[in-house]
Each structure stands twice: as structure tokens, then as C-alpha cells.
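Okay, so here's the structure we're looking at.
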Amino acid sequence: MTARLEVHKSCIELICRYSMIHMRLAAVLQKIETLQEFIKNRCADAAAATIAGRKKSGTQRVFEIIQGSEKGVEPLFIREMTGLKEQKIAKILYKLFKYGEIRIESGGLYKASGFRLSPE
């Protein structure tokens, strides 16, 4: 085989390798774009929920959850709904109970009182 044919053959091999690498990179880039779109949508939903949640204080959010329940709610349910820590929820529940906004039912359920002492 002549040197010219060897160079030609090696160039063809390089072109084939390049095109395979190019195809694989295109597939990876497509996957990256899909993931970026998913993350962007996911973050937008989380940001909207965070902004909506920040408009109200923790006490207001907890009280609204309790008011919306007919049978009463457990602290674990409040924690799942608000994302607040247990200690913070305990303080809020204590304050609401102390001011007569809620009452404690049997089984550790918290339920809204029928009346409100604080003006709002």
C-alpha cells in the first residue's frame, strides 16, 4: 500500500470517528436541553409556591390549615403542609391555644374554636 492510500484510509477513519462522536454529542446535548427545561419548569413552580407562602406568617398558615379542617389536624399534618419545623409548629400551636384561637381535641387533634379573641 502506498503512503498516499494509507493517509487517505486514516483520514476516512478519522472522519468516521468524528461523525460518531458528533452524533453522540448531539444526543447528549438534546438530553441536557430536556433536563434544563424540566428543571426550569420545576423551579418556577417551587418559586411560585414559596412566594405565595411568604405572604403569610407561619401562624396564619397554621391557623388557616386548622380552620379548614372539620375533624381537626395533627401537628404532623401541619408540618407536611407548611414545611415548618416541629419546634416552630409547637410554639405556634401553644400561642394559638393560649389566645383561645384553637382547642385540643382527644387524640391530640387541634381544632379551631368557634370564636376569636384577637381582632383581625
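The values are calculated or read from the model by the stated rules, or taken from the named source; none is laboratory data. In this text the structure is predicted, and so the values were computed from the model without any measurement. All Cβ positions, glycine included, derive from the backbone under ideal geometry; neighbour counts span all protein chains shown. For accessibility, only protein heavy atoms count, side chains too; no ligands or nucleic acids. Shrake-Rupley method; radii C 1.70, N 1.55, O 1.52, S 1.80 Å.
The residues in the stretch 83-113 that are within 11 Å of F63 (Cβ to Cβ) and crowded, with 16+ Cβ neighbours inside 10 Å can be counted, and the count is 7.
For the stretch 54-73, filtered to residues that are assigned to a helix (DSSP H, G or I) and not β-branched (V, I, T), the residue that is nearest to the chain's Cα centre (by Cα) is R54. Applying the condition of being under 20 Å from G114 (Cα atoms) and of a type in the set (A, V, I, L, M) to the stretch 56-77 and asking which residue is most open to solvent (accessible area, probe 1.4 Å) yields I65.
Can you find a residue in the stretch 7-22 that is under 30 Å from G83 (Cβ atoms), open to solvent by less than 100 Å² (accessible area, probe 1.4 Å), modelled with pLDDT under 85 and not hydroxyl-bearing (S, T, Y)? No: zero hits.
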